[in-house]
Amino acid sequence: MSLIFRMIYLLVASFFKPRLPIMYPENTLTLRVLPNDLDINMHMNNGRYLTICDLSRVDMFLRTGFARTMQKEGWIPVVSEHTMKYKKPLNPFQKYDVHMKITSWDEKAFHMEHRFLVAGRVVAEGTSRGCALSKSGVIAPEQVIETVRSQTV
C-alpha cells in the first residue's frame, strides 16, 4: 500500500475513532510492514519510521481538532527535530503498533515521544519537537491549545 493509501485510510478511520484531548494526547496506530517499506536488508527502512511517525501525528491532529484549527487559522505544522533509536528490525508483513504521545511543551514547541512495539515490546523509539507556524512566525503551544479548545467546544 503506497503512502497515499495509508493516508487516505488514516483520514477515513479517524472519523470512527474517539476524540483525543488537546492536553497530553496519546494515540496508537496498528500497522503492518509492507513491501514498499523495505530496504535492501529486507527490513523496514529507517526513513520509513519517520514517515510512520508523521502518520501518527496526522492521526493525533485529526482526533484532537488541531487539524481543523490549523486549516481555519492558516497554520502549518513543522517538525524541528527528530531522533530515533532502533533496537530490533521490523520484518516484511510484521504487524506493529506505533504509540505516540505529547509529553510536554515549552514556549515554542511541543515535545513528542514515539514508540514502535511488537507484541508489547519496544523495537524502536524516538523523540521529536514540533510547532505550529503562521505567516507571522511560531505560535506558542499555550496559544495553540487555547485556540483548539475554543474552536472545538
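The values are calculated or read from the model by the stated rules, or taken from the named source; none is laboratory data. Please read all numbers here as calculations on a predicted model, not as lab measurements. Here Cβ is always computed from backbone atoms with ideal geometry, including for glycine, and neighbour counts include all displayed protein chains. Accessible surface areas use protein heavy atoms only, side chains included; no ligands, DNA or RNA. Shrake-Rupley method; radii C 1.70, N 1.55, O 1.52, S 1.80 Å.
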Practice task
Answer yes or no as to whether Lys85 is touching a strand residue (DSSP E or B) at 6+ places or on another chain (Cβ under 7 Å) and over 24 Å from Leu11 (Cα atoms).
Solution key: yes
Problem - Residue in the range 41-61 that is in contact with a Phe, Trp or Tyr (Cβ under 6 Å, 6 or more places away or on another chain) and aliphatic (A, V, I, L, M) present - result: no
Handout entry: Where a residue in the range 34-55 is under 18 Å from Met112 (Cα atoms) and in contact (Cβ under 8 Å) with a residue 60 or more places away in the chain and its partner, wherever it lies, is of a type in the set (S, T, N, Q) and open to solvent by less than 40 Å² (accessible area, probe 1.4 Å), with Cβ under 8 Å and at least six apart
Key = Cys53/Ser128
Exercise for the section: Could you check, for the range 119-141, whether at least one of its residues is closer than 20 Å to Ser14 by Cβ, of a type outside the set (Lys, Arg) and either open to solvent by 50 Å² or more (accessible area, probe 1.4 Å) or out of contact with any helix residue (DSSP H, G or I) (no Cβ under 9 Å at 6 or more places or on another chain) (or both)? Expected result: no
Handout entry: Failed criterion for Thr152 (all others in (1) modelled with pLDDT of 95 or more; (2) open to solvent by less than 70 Å² (accessible area, probe 1.4 Å); (3) more than 14 Å from Pro25 (Cα to Cα); (4) not hydrophobic (A, V, I, L, M, F, W, C) hold)
Key = (1)
Exercise for the section: Please list, ordered by first then second residue, the pairs with beta carbon atoms under 6 Å, 6 or more apart or interchain, first in the range 126-139 and of a type in the set (Gly, Ala, Ser), second outside any strand (DSSP E or B) and open to solvent by 10 Å² or more (accessible area, probe 1.4 Å). Expected result: Ala132/Trp75; Ser134/Trp75
